[in-house]
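Below is one structure, written out as structure tokens, with a few remarks after it.
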Amino acid sequence: MNLILVPQQNPVLEFEPHSPQSEHLLRVLRLQVGGHCFVGVPQGPRGKATVEHIDAGAVTLGVVWEADAPPLFPIELIIGLPRPQSARKILNTAATLGVSHIHFFEAQKAEPSYRKSTLWSTDEWRTQLQLGAEQAFATTYPTVTHYKSLEELLPLCAAQAHRLALDVYESPIPLGSYLLDHPQKIYLAIGPERGWSAQEREWLRAQPFSFAHLGPRVQRVETAMATALGWILARGGFWG
């Protein structure tokens, strides 16, 4: 991790012996008294910390906090709820890349039992988001919402936005041919592992979403997401 998230914005932070934070500071970063690292509050400010004291594995940090939290990009993901192992990768990677929202929906071709995973019934999904933010040296990460169907979700999309849907089977153009000029908000829709149903394609076209593909090879949901987000962030000028 490139930053440690902590619950509160305190000027002094104390980590107990053998805690994940102490282990990372002492065993991974190998910090000594006077050494520096970075900390942050979830969805809040970031700060530069100095190791003030080490005692039997316990670590005390003094922190100088910044004023503002790093912003997220105006990109919202619409994703057919995948199997839990894929969802973990999506949450982590989307947080690392800085999208603002992830909207999961129960797709017509998806397995209904995925929603009952402990990933969603515990706080594990939030942990994946925070791990992604820590990797990105950031404190902000996406909000996550769930919907019973794509039909329920789509009317909630903002009117003034680019709307893209990935589809390897019925897309007329590759993603690289889509004109992404001066985007203020972008929705990127990605179907479930078994693809969009005919009805879901109709709902997307009615909104309207533009369909694009990532070439002839069928990709996993998490791979397609990362590939498309990289193109959007670069082409949209979000990286400067």
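The table that follows gives values for the structure above.
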item	result
Cross-chain or 6+ apart pairs with Cβ under 9 Å, the range 132-147 first and over 14 Å from L97 (Cα atoms), then surrounded by fewer than 21 Cβ atoms within 10 Å (Cβ to Cβ) and charged (D, E, K, R)	V144/R126; H146/E106; H146/R115; Y147/E106
Single match in L180, L164, L119 (criterion: within 21 Å of L233 (Cβ to Cβ) and free of Cβ contacts under 8 Å to residues at least 60 places away in the same chain)	L180
Subset of the range 103-114 that is of a type outside the set (A, V, I, L, M, F, W, C) and touching a helix residue (DSSP H, G or I) at 6+ places or on another chain (Cβ under 9 Å) - its residue that is nearest to L156 (Cα to Cα)	H103
Test: residue in the range 20-29 that is of a type in the set (G, A, S), touching a Leu at 6+ places or on another chain (Cβ under 7 Å) and touching a residue at least 24 places away in the same chain (Cβ under 8 Å)	no
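Matching residues to (1) surrounded by 20 or more Cβ atoms within 10 Å (Cβ to Cβ); (2) more than 23 Å from N92 (Cα to Cα); (3) among the hydroxyl-bearing types (S, T, Y):
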position	(1), (2), (3)
L164	yes, no, no
Y178	no, yes, yes
I190	yes, no, no
E200	yes, yes, no
Q219	no, no, no
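Read-outs throughout are calculated quantities, based only on the coordinates presented, and are distinct from any laboratory measurement. Please read these numbers as outputs of a predicted model, since none were measured by experiment. Here the Cβ is made from the backbone with ideal geometry for all residues, glycine too, and neighbour counts use every protein chain on show.
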